[in-house]
1. Filter the stretch 19-59 down to residues that are of a type outside the set (Asp, Glu) and in contact (Cβ under 8 Å) with a residue 24 or more places away in the chain, then give me how many there are.
2. Out of the residues in the stretch 246-269 that are in contact with a helix residue (DSSP H, G or I) (Cβ under 7 Å, 6 or more places away or on another chain) and not hydrophobic (A, V, I, L, M, F, W, C), which is surrounded by the most Cβ atoms within 10 Å (Cβ to Cβ)?
3. Within the stretch 1-48, work out how many residues are loosely packed, with under 13 Cβ neighbours inside 10 Å and either at pLDDT below 95 or of a type in the set (A, V, I, L, M) (or both).
4. Which of the residues that make up the stretch 285-329 are closer than 20 Å to Leu131 by Cα and among the small types (Gly, Ala, Ser)?
5. When Val107 is evaluated against the numbered criteria (1) crowded, with 20+ Cβ neighbours inside 10 Å; (2) under 29 Å from Asp173 (Cβ atoms); (3) touching a helix residue (DSSP H, G or I) at 6+ places or on another chain (Cβ under 7 Å), which criterion, by number, is the only one it fails?
6. Mind listing whichever residues of the stretch 316-330 are touching a strand residue (DSSP E or B) at 6+ places or on another chain (Cβ under 6 Å) and surrounded by fewer than 19 Cβ atoms within 10 Å (Cβ to Cβ)?
7. Looking only at the stretch 1-57, which residues are of a type in the set (S, T, N, Q) and within 26 Å of Lys106 (Cα to Cα)?
8. For the structure I just gave you, tell me whether Val201 is outside any helix (DSSP H, G or I), on the phi < 0 side of the Ramachandran plot and in contact (Cβ under 8 Å) with a residue 60 or more places away in the chain.
Amino acid sequence: MNYESELDDLIMTLVKEAGSDLHLTVGSFPTVRVNRDLIPLTRKKELNAEDTLGFLRQMVGEKTLTNFVVNQELDFSYEHRKEYRLRGNASFQHGVISISLRLIPKVKSLAELNLPDQIVQISREKQGFFLVVGPVGQGKSTTLAAMISLINSESKRHIVTIEDPIEFRFDQDKAIIEQREVGVDTKGFNDALVHIFRQDVDVIMIGEMRDKETIATAVTAAETGHLVLSTLHTNSAAQTIDRIIDSFPGEQQDQIRLQLASSLIGILSQRLVPRISGGLVPAIELLLNTSAVANLIREKRTHEIDVLIETGSQEGMIDLDRYLANLVRSGEVTKEDAYAFARRQSIFERLI
């Protein structure tokens, strides 16, 4: 098999079908995901171990492939035809290689993503800590990219992103943008963050906060005059705050509570729901750090945050169930799909 031409055909099929992911697994046909459905490309042949090895070698080269065989896990990015970027993961199962590729869409504006004006205003903040959270594959990186793009188009600011791997590439507009990739440009997220204070940075985007050291340094950066944007794999705003605090030893938790209460701007939790007309539309929860929210964080009463979100619409907060109900009433999504994403399904039913 000519892996270069075959890979080109598979990726261009993914693009033409408006798919999100391409899976290359031994014993299966190459498979694309379109609007959440997995579709095997049965006109292709089923893949064997030599095929997945050949595809991976084509994308990452011999040196990275050798390291992968030793480490057995690999995250990577791949640029195709100098136009399309993909985020990849390679792993072993039953001793053979499996590859998952996600097509990274072009950077869209916040308006194109159907995100509210509050996110525009947060992008214009000079300092503070803002998180986009949700399960894997819910558009967190896409939202952060739209925020960075807005800042780049409006402000003469110095932006540094720390990613593993780099997903969206930005062309400098009014801002100076430096994109650092873990494993290529820096050893780790926290290694890059520790030295960022001497780089005259205004905006820091951290692809993912994976450990307490990174969280601690990010919060400190937000306290000391930087706008810090990042993601976590959590399901709600209140859970995110608890996850951050619980990642620290007991004797450090009071300190991180105080730092969060003073530096947090807000938390956006989002899900991508199938749209009736095709594609996906975000359903969101938005917590903004009002004085009442800050008090709850300081006083160890984060279990009460959901109530403030439910009743805080005049302050710009957005309740997920109410947002889903509005999507149903506007004809954007079906009641059944919205119901599946509701956090409190009985309350969602009353809101319809």
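The values are calculated or read from the model by the stated rules, or taken from the named source; none is laboratory data. What you are looking at is a predicted structure, and each value in this text was computed from that prediction instead of being measured. Here Cβ is always computed from backbone atoms with ideal geometry, including for glycine, and neighbour counts include all displayed protein chains.
1. First pass over the stretch 19-59, keeping only residues of a type outside the set (Asp, Glu): 19-20, 22-36, 38-45, 47-49, 52-59.
Those still in the list that are in contact (Cβ under 8 Å) with a residue 24 or more places away in the chain too: 19-20, 22-26, 35-36, 41, 44, 49, 52-59.
Counting residues in the stretch 19-59 that are of a type outside the set (Asp, Glu) and in contact (Cβ under 8 Å) with a residue 24 or more places away in the chain gives 20.
2. Result: Ser269.
3. 3
4. Ser291, Ala292, Ala294, Gly312, Ser313, Gly316
5. Failing condition for Val107: (1).
6. Passing the criteria: only Gly316.
7. Residues of the stretch 1-57 that are of a type in the set (S, T, N, Q), as a first pass: 2, 5, 13, 20, 25, 28, 31, 35, 42, 48, 52.
Correct list: Ser5, Thr13, Ser20, Thr31, Asn35.
8. Working: outside any helix (DSSP H, G or I): yes; on the phi < 0 side of the Ramachandran plot: yes; in contact (Cβ under 8 Å) with a residue 60 or more places away in the chain: no.
Answer is no for this residue.
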